[in-house]
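The values are calculated or read from the model by the stated rules, or taken from the named source; none is laboratory data. Predicted, not measured: the structure shown is a model, and the values here were computed from it. Cβ coordinates were reconstructed from backbone atoms using ideal geometry, including for glycine residues, and neighbour counts include every protein chain displayed.
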Amino acid sequence: MTRFLVYTCTAFLAAFAGVSWAARGFPVNFSSGASPGAVSPLLPTLTTTFGDGSVERKREQLAAQQMQDPDNARRNPLRTETLQAATGYALSPCDKTMKANLVAATRDYAMAYAEIGKCSPMFRNCDPVYDKANATYSTPLDLRVREALHEAFEQGGISKDDFPPAMQMAVMTLANSQGSPVPACARSAERKH
């Protein structure tokens, strides 16, 4: 019983002290010899302003660094394979083999993109990681691949649902499209009738 009274009194005193401190605006008194007038006011730390172009310059610099990276050239076969598969599908969207090739190539391409951009926003700021992934996939060849993927997805017959759920966001980002499960062949057949 004595412990209970001690804990209750301690909790009451702590609550009273906290409320009193809060009522006075949480004042803090440092007795380090510095006078209140010696404290300098806080200054803003904003390093960019709206429309100054610094963000674009930073992205361009990051893209240039990625172009110099030796790992960048190792991704070229993956890029080329995806470009060929997307172009083949865009030219022949009714061919099941072309679709299978496109799905396989896009899955590998998106998997590499997702691996670079892997980040957990719960534990840290992911903007630098995402910027690096986007810079890595912004080479001239990547831009051609992304355009070809967009054209292939817009043909129809392929959509985000052809990929595993974990890959769908990366695929949609790279293709800039969700695609359509309705095949282009079905659309052209409907128009003829």
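Observations, loosely collected:
- Filtered by the rule that a residue be touching a residue at least 40 places away in the same chain (Cβ under 8 Å) and farther than 19 Å from Glu154 by Cβ, the stretch 108-136 gives Met111, Tyr113, Ala114, Gly117, Asp131, Lys132, Asn134, Ala135, Thr136.
- Search result, residues across the stretch 100-146 that are outside any helix (DSSP H, G or I) and not aliphatic (A, V, I, L, M): Gly117, Lys118, Cys119, Ser120, Pro121, Phe123, Arg124, Asn125, Cys126, Tyr137, Ser138, Thr139
- Given (1) under 36 Å from the mean Cα position of the chain (by Cα); (2) assigned to a helix (DSSP H, G or I); (3) at pLDDT below 70; (4) surrounded by fewer than 10 Cβ atoms within 10 Å (Cβ to Cβ), number of the condition Val55 does not satisfy: (4)
- Here Gln155 meets the list (1) buried (at least 17 other Cβ atoms within 10 Å of the Cβ); (2) modelled with pLDDT of 90 or more almost entirely, failing just condition (2).
- Residues in the stretch 59-113 that are under 24 Å from Gln168 (Cβ atoms), among the basic types (Lys, Arg) and more than 22 Å from the chain's Cα centre (by Cα): 2 in all.
- For the stretch 93-145, filtered to residues that are out of contact with any Cys (no Cβ under 9 Å at 6 or more places or on another chain) and among the aromatic types (Phe, Trp, Tyr), the residue that is surrounded by the most Cβ atoms within 10 Å (Cβ to Cβ) is Tyr109.
- Considering residues of the stretch 72-99 that are under 19 Å from Ile116 (Cα atoms) and among the aliphatic types (A, V, I, L, M) only, the residue modelled with the lowest pLDDT: Ala73
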